[in-house]
Amino acid sequence: MKKIGFDSEKYIEEQSTYILERVNHYDKLYLEFGGKLVDDKHAKRVLPGFEEDAKIKLLQKLKDQAEILICVYAGDIERNKIRGDYGITYDMDILRLIDELRGYGLSVNSVVITRYNGQPATKVFVNKLERRNIKVYKHSEIEDYPLNVKKIVSDEGFGKNEYIETTKPIVVVTAPGPGSGKLATCLNQLYHESQKGNVAGYSKFETFPVWNVPLKHPLNIAYEAATVDLKDVNMIDSFHFDAYHKVAVNYNRDIETFPVIKRIIEKITGKDSVYLSPTDMGVNRVGFGIIDDEVVQEASRQEIIRRYFQTECDFKKGLIDEEAVNRMKLIMEEVGLQPEDRKVVMPAHNYAKAVQNSTNDPSAVIAIELPDEVIITGRTSSLMNASAAVVLNAVKHLAHISDNIPLLSPLVLERIQGMKASASHSSIDTLSLNEVLIALSISAVTNPIAQVAYEKLAELDGAQAHSTVMVNKNDEQTLKQLGIDITSAPFYPSENLYYQ
């Protein structure tokens with residue numbers, strides 16, 4: 001049974017109370033939300049017990065007092081930036097996010113296009129939103145932001161950008177990823193609110209790093225591993241220590257920009273800032289939800305290894321530079337970890353080696369650790385790939401179905417395979433995970449054994465898996481949808497450049 005290290009209900013109660021306390025000081029609070037608003041799988045992995053929709057539940061508690069702005073940088077739309085966990089572009093992720101937020105009964109005020117300069121793909125996206133009756137604001141880039149405070153806080157700076165009309169006391173400002181302009185949007189609003197004579201405040205809701213756990217705690221180091229491509233480094237908040245003689249953890253970008261942000265806020269309000277440190281600006285209470293530190297530490301160590309494999313694969317695909325890889329290796333050494341400390345790594349590679357020795361034919365292998373801690377393997381064959389094989393083997397184990405009992409009719413699988421080769425003109429006819437799951441769901445209608453196995457798919461949520469080669473994007477997304485945390489060795493499954 002999975003160990004729990006975090007109390008999600010306690011956290012939501014603590015967090016909502018703290019945010020409301022801060023709102024009491026202002027007519028309106030602009031709350032910058034860092035990280036993922038929906039489906040925060042990183043937090044779920046490093047804080048066992050954290051519900052991935054905890055932030056949504058938090059906002060639901062505040063929904064009568066909160067509305068949401070979604071920011072996106074125009075340049076990210078132009079270059080079709082991908083959100084890795086969903087495999088979709090940022091513009092598509094915004095549409096997905098709006099749908100999800102509305103589904104939870106939350107109020108989405110508008111979408112803010114930041115650093116907009118008439119980019120063509122962004123124009124198309126704006127048209128798409130506006131024709132679906134979604135309000136869009138366009139903010140242009142401010143020269144010398146954030147250093148030239150005098151210019152920024154003037155008619156030539158924030159003054160030339162639109163004021164976003166809001167109606168509720170809490171305005172949550174979120175985005176599909178970093179660098180989307182959330183902070184600039186908040187400060188822009190503070191400027192306009194001040195011009196209108198309103199008392200508005202700014203706070204930051206950033207889950208990681210956790211300010212009140214030690215700097216070198218695995219939980220905080222896991223955050224560094226997750227943002228290794230951004231070159232984020234955790235640091236002691238020197239401003240906080242100087243002001244209060246208390247140690248608090250923050251990260252380099254917040255600490256470096258704090259003095260200028262403080263000056264901008266003071267220039268806008270005409271008063272000394274109430275914040276003496278970047279930690280003061282935060283409202284993060286996640287540290288108070290930890291109920292078993294050992295469980296959190298171990299989960300965080302496993303996340304660091306998972307990020308190590310992801311970094312190696314991203315480098316192989318040309319997505320990141322060698323500096324990020326070297327930084328990741330240093331993080332692994334700092335925590336004293338080896339790739340083999342992930343339990344599913346060696347079973348996968350040992351089985352692949354055994355298959356090659358017996359058949360003289362290299363084969364991709366995936367090993368998966370199930371909730372009962374049993375490790376199951378599956379390999380690529382002429383019929384199906386390793387992802388499909390390991391999932392079928394896993395549900396058979398969970399359903400106590402003998403290995404020699406076929407879940408799916410070979411004739412049906414061969415027919416699908418034949419259609420894939422002829423009608424779809426695919427050069428690879430091995431069946432993918434998605435194709436095999438569709439076959440399983442159809443078979444479950446008439447085959448009681450397949451039905452039992454099909455019902456066990458839900459029990460794969462939270463399972464850990466490792467592949468001896470990089471899994472293709474479609475299978476990776478399907479595994480994630482099943483709740484399986486998959487890592488891969490940084491090797492392509494074949495010499496093909498397009499078909500993998």
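The values are calculated or read from the model by the stated rules, or taken from the named source; none is laboratory data. Keep in mind it's a predicted model, so treat the numbers as computed, not measured. Virtual Cβ from ideal backbone geometry, glycine too; neighbours counted across all protein chains shown. Heavy atoms of the whole protein, side chains included, go into the accessibility calculation; ligands, DNA and RNA do not. Shrake-Rupley method; radii C 1.70, N 1.55, O 1.52, S 1.80 Å.
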Filtered residue count, region 297-309, keeping only those that are under 26 Å from residue 255 (Cα atoms) and over 17 Å from the mean Cα position of the chain (by Cα): 2
If residue 70 meets every condition in (1) free of Cβ contacts under 8 Å to residues at least 24 places away in the same chain; (2) out of contact with any Phe, Trp or Tyr (no Cβ under 9 Å at 6 or more places or on another chain); (3) more than 24 Å from residue 314 (Cα to Cα) apart from one, which number is that one? (1)
What is the one condition in (1) open to solvent by 20 Å² or more (accessible area, probe 1.4 Å); (2) assigned to a helix (DSSP H, G or I); (3) closer than 26 Å to residue 39 by Cα; (4) touching a helix residue (DSSP H, G or I) at 6+ places or on another chain (Cβ under 9 Å) that residue 129 does not satisfy? (1)
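Being open to solvent by 10 Å² or more (accessible area, probe 1.4 Å), closer than 24 Å to residue 279 by Cβ and of a type in the set (Val, Ile, Thr): is that true of residue 249 here?
no
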Provide a single number: the residues in region 51-85 that are open to solvent by less than 60 Å² (accessible area, probe 1.4 Å) and polar (S, T, N, Q). 0
Of the conditions (1) in contact with a Phe, Trp or Tyr (Cβ under 6 Å, 6 or more places away or on another chain); (2) touching a residue at least 24 places away in the same chain (Cβ under 8 Å), residue 306 clears all except one; give me its number. (1)
Any residue at all in region 228-240 that is of a type in the set (Asp, Glu), open to solvent by 10 Å² or more (accessible area, probe 1.4 Å) and within 30 Å of residue 53 (Cα to Cα)? yes
Some residue of region 293-306 being small (Gly, Ala, Ser) and assigned to a helix (DSSP H, G or I): yes
Out of everything in region 356-374 that is surrounded by fewer than 18 Cβ atoms within 10 Å (Cβ to Cβ) and of a type outside the set (S, T, N, Q), what residue ends up being nearest to the chain's Cα centre (by Cα)? 371
Expected single match for more than 27 Å from residue 132 (Cβ to Cβ), part of a loop (DSSP other than H, G, I, E, B), of a type outside the set (Val, Ile, Thr) and open to solvent by 10 Å² or more (accessible area, probe 1.4 Å) among 42, 25 is 25
